[in-house]
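Remarks on the structure that follows.
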Amino acid sequence: MKITHHCFCILMCVPILLSWSGIALGQGSMLARTPPMGWNSWNHFACEVSDAVVRAQADAIVASGMKSVGYVYILIDDCWQGTRDAAGYIRPNAKFPDMKALADYVHSKALKIGIYSSPGPKTCEGYTGSYGHEEQDAQTYAAWGMDYLKYDLCSYDGMGDQVAAYKKMGDALKKTGRPMVYALCQYGMQKGWQWGASVGGNLWRTDDDIRDDYYVMSELGFGQNGLEQFAGPGHWNDPDMLEVGNGGMTTDEYRTHMSLWCILAAPLITGNNLANMDAEAREILTNPEVIAIDQDLLGVQGHRIKQEGPLEVWMKPLKEGSTAVGLFNRGWGAMPVTVDFRDVGLGNSAVVRDLWAKKDLGPFQEKYTATVPQHGVVMLQLKRGT
Ligand code: GLA
């Protein structure tokens with residue numbers, strides 16, 4: 001096709017206008033357009049991570065069907081670092097004999113790979129951090145073929161201006177010319193959601209570390225209400241990684257975890273051992289209709305619309321006018337929970353689908369009530385009725 005003068009002008013002007021618009025686009029407008037999905041080594045393997053573990057998880061993310069529903073990032077967390085060479089470049093430790101070869105292996109499966117560091121001299125586990133070597137480290141990650149960096153505050157806390165430290169690495173990543181998702185991990189300190197995107201961040205932790213425990217998970221997840229205005233395409237609030245499949249919660253509790261993270265448009269980074277995942281964890285992590293709520297292109301983070309004691313109703317607006325609704329029971333014993341269609345802007349009637357049961361429930365007038373199990377959820381998609 002011949003590019004006319006008119007076309008040429010549009011092609012040239014759109015990026016210029018976007019960069020003038022002042023909209024914070026993270027590391028690049030095409031990066032993290034929807035919340036990143038993948039696997040991270042920390043929750044299950046912690047410092048037992050190695051080249052062999054990462055290869056096995058990359059194999060398993062494909063074999064288990066996780067990749068085909070959208071999980072593509074394989075993320076190495078803390079404990080991979082060795083010492084610096086005489087010129088100051090970081091080398092991996094003995095558990096990672098060849099980082100470039102590992103990245104090539106992950107890429108050969110049409111997956112992406114990520115790595116971890118800290119703005120301070122040490123990481124949270126005491127390994128070598130990036131302090132004073134930010135540009136060198138960013139160049140090294142780019143040369144290895146990394147697609148994602150998690151940058152974890154730890155030993156920098158109290159050392160200086162946190163925002164400047166995160167900007168320094170954000171600028172260093174940009175300077176490499178390689179698109180890398182930039183994940184800020186500062187546990188919500190200094191309200192990272194207010195400045196995360198301005199330093200190039202594509203996601204930022206909003207709170208402390210998750211644990212494989214219903215009460216810790218639910219404090220984090222239900223505590224996100226009010227942060228929705230800070231999330232959007234390219235820049236997301238991160239209530240921390242998923243614990244589904246690690247064994248510390250019931251099936252209903254893990255469904256609550258997954259449903260809530262999807263309503264929150266949270267990054268879906270699993271933290272279990274994908275190589276020996278049971279059918280139940282797989283079913284929760286791979287439900288395509290639930291994942292579609294998280295990945296909806298409107299990119300709006302959901303919020304709470306009603307709370308009565310332990311019962312909560314949350315909604316997330318979706319593109320093309322439908323709405324996801326979570327009916328949650330944080331209490332003991334099964335209890336009825338009701339969504340009033342007017343509360344989600346749907347007027348008098350709605351057509352209801354149950355996303356875990358994978359069932360159309362039909363049209364209802366004014367409201368819909370479901371019995372929700374203890375610590376459980378009923379997750380719905382509502383469309384305007386006729
Ligand atoms: C912090 C982070 C965790 C993990 C560990 C690794 O606690 O919040 O997600 O990265 O450090 O040491």
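The values are calculated or read from the model by the stated rules, or taken from the named source; none is laboratory data. Nothing here was measured: the structure is a model prediction, and the numbers come from that model. Here Cβ is always computed from backbone atoms with ideal geometry, including for glycine, and neighbour counts include all displayed protein chains. The protein model used for the area step is the full one, side chains on, heavy atoms only, and it has no ligands, DNA or RNA in it. Shrake-Rupley method; radii C 1.70, N 1.55, O 1.52, S 1.80 Å.
Where Rh denotes the Kirkwood radius from the mean inverse Cα pair distance, what is Rg over Rh for the range 259-386? Don't skip to the end; give the middle numbers.
On the way: Rg = 14.6 Å, Rh = 15.1 Å.
Over the Cα atoms of the range 259-386, Rg/Rh equals 0.97.
Once the dipole of the range 113-222 is set up with Lys and Arg at +1 and Asp and Glu at -1 on Cβ about the Cα centre, which of Tyr156, Ser130, Gly145 lies farthest towards its positive end?
Of the listed residues, the answer is Gly145.
Work out the length of the dipole vector of the chain about its Cα centre, built from +1 on the beta-carbon of each Lys and Arg and -1 on the beta-carbon of each Asp and Glu, and round it to the nearest 20 debye.
On the way: 34 positive and 43 negative charges, 262 e Å.
With Lys and Arg at +1 and Asp and Glu at -1, about 1260 debye.
With every protein chain kept in place and ligands, DNA and RNA left out, what is the accessible area per residue of the chain? Probe 1.4 Å, answer in Å². Let's see the in-between values first.
Working: 15990 Å² over 386 residues.
Roughly 41 Å² per residue, with all protein chains present.
Pairing the Cα long axis of helix 162-176 with the longest principal axis of the chain, what angle in degrees results, from 0 to 90 and rounded to the nearest 10?
70 degrees
Grab the beta carbon distance between Ala101 and Thr386, set R0 = 41 Å, and tell me the FRET efficiency rounded to 0.05.
Numbers: r = 58 Å, r/R0 = 1.42.
Taking R0 as 41 Å, the efficiency between Ala101 and Thr386 is 0.10.
Taking each pair of distinct Cα atoms in the chain once, what is the resulting Kirkwood hydrodynamic radius in Å? Can you show the working numbers first?
Values: mean 1/r = 0.0460 Å⁻¹.
Here the Kirkwood hydrodynamic radius works out to 21.8 Å.
Calculate, for Lys359 and Ala110, the FRET efficiency according to 1/(1 + (r/R0)^6) with r their C-beta to C-beta distance and R0 41 Å; round to the nearest 0.05. Show your work: numbers first, answer last.
On the way: r = 33 Å, r/R0 = 0.81.
For R0 = 41 Å, the calculated efficiency reads 0.80.
Take peptides 328-340, 190-202 and line them up by average Cβ neighbours within 10 Å, highest first, as a rough protection proxy. Show your work: numbers first, answer last.
Details: 328-340: 17.3, 190-202: 21.5.
Ranked from most to least packed, the peptides come out as 190-202, 328-340.
Just subtract the alpha-carbon distance of Ser68 and Glu283 from 0.36 nm times their residue separation and send over the number in nm, one decimal. Provide the component values of the computation, followed by the final result.
Values: separation 215, 0.36 × 215 = 77.40 nm, distance 1.34 nm.
Length gained between Ser68 and Glu283: 76.1 nm.
Just how many pairs of Lys in the range 81-232 have C-alpha atoms closer than 19 Å, counting pairs that are eight or more places apart or on different chains?
Number of lysine pairs found: 17.
Measuring from label point to label point, each 7 Å out along Cα→Cβ, what is the Thr83 to Ala334 span in nm?
With each label point 7 Å from Cα toward Cβ, the separation is 6.3 nm.
Could you check which residue among Asp59, Asp354, Asp343 shows the biggest mean-square fluctuation in a GNM of the chain with a 10 Å Cα cutoff?
Among Asp59, Asp354, Asp343, the largest GNM mean-square fluctuation belongs to Asp343.
Dipole magnitude of the range 125-220 about its Cα centre, charges +1 at Lys/Arg Cβ and -1 at Asp/Glu Cβ only, in debye to the nearest 20?
Values: 9 positive and 15 negative charges, 108 e Å.
Computed about the Cα centre, the dipole is about 520 debye.
Between Trp204, Trp144, Trp314, which gets the highest mean-square fluctuation from a Gaussian network model of the chain, Cα cutoff 10 Å?
So, out of Trp204, Trp144, Trp314, the one fluctuating most is Trp144.
If the chain between Thr176 and Glu48 were fully stretched, how many nm would it gain, using 0.36 nm times the residue separation less the Cα-Cα distance? Walk me through the intermediate numbers first.
Values: separation 128, 0.36 × 128 = 46.08 nm, distance 3.00 nm.
Using 0.36 nm per residue and subtracting the Cα-Cα distance, I get 43.1 nm.
Once you place label points 7 Å from the Cα toward the Cβ at Ala94 and Glu308, how far apart are they in nm?
Here the answer is 6.3 nm between the modelled labels.
Restricting to bridges with both residues inside the chain, how much of the DSSP beta-bridge set is antiparallel, in percent to the nearest 5?
Looking only at bridges with both residues in the chain, the antiparallel portion is about 65 percent.
Taking all protein chains as present, what is the carbon and sulfur share of the accessible area of the chain, in % to the nearest whole number, probe 1.4 Å?
Numbers: 8770 of 15990 Å².
That share works out to 55 percent.
Let me check something: with ligands and nucleic acids excluded, how do Cys154, Cys185 order by accessible area (1.4 Å probe), largest to smallest? Write out the running numbers ahead of the final one.
Values: Cys154 40, Cys185 5 Å².
Sorted by accessible area, descending: Cys154, Cys185.
Which of Ser322, Ser130, Ser108 moves the most in a Gaussian network model of the chain with Cα springs under 10 Å?
Ser108
How much length is gained if the chain between Ser198 and Val163 is pulled fully straight, taking 0.36 nm per residue apart and subtracting their Cα-Cα distance, in nm to one decimal?
Values: separation 35, 0.36 × 35 = 12.60 nm, distance 0.93 nm.
Fully extending the segment from Ser198 to Val163 adds 11.7 nm.
Can you give me the distance in nm between label points at Lys122 and Asn225, each placed 7 Å from the Cα along the Cα-to-Cβ direction?
4.0 nm
At a 10 angstrom cut-off on C-beta neighbours, averaged per residue, how do the peptides 258-268, 232-242, 118-128 rank from highest to lowest?
Details: 258-268: 26.5, 232-242: 24.9, 118-128: 19.3.
Result, highest mean Cβ count within 10 Å first: 258-268, 232-242, 118-128.
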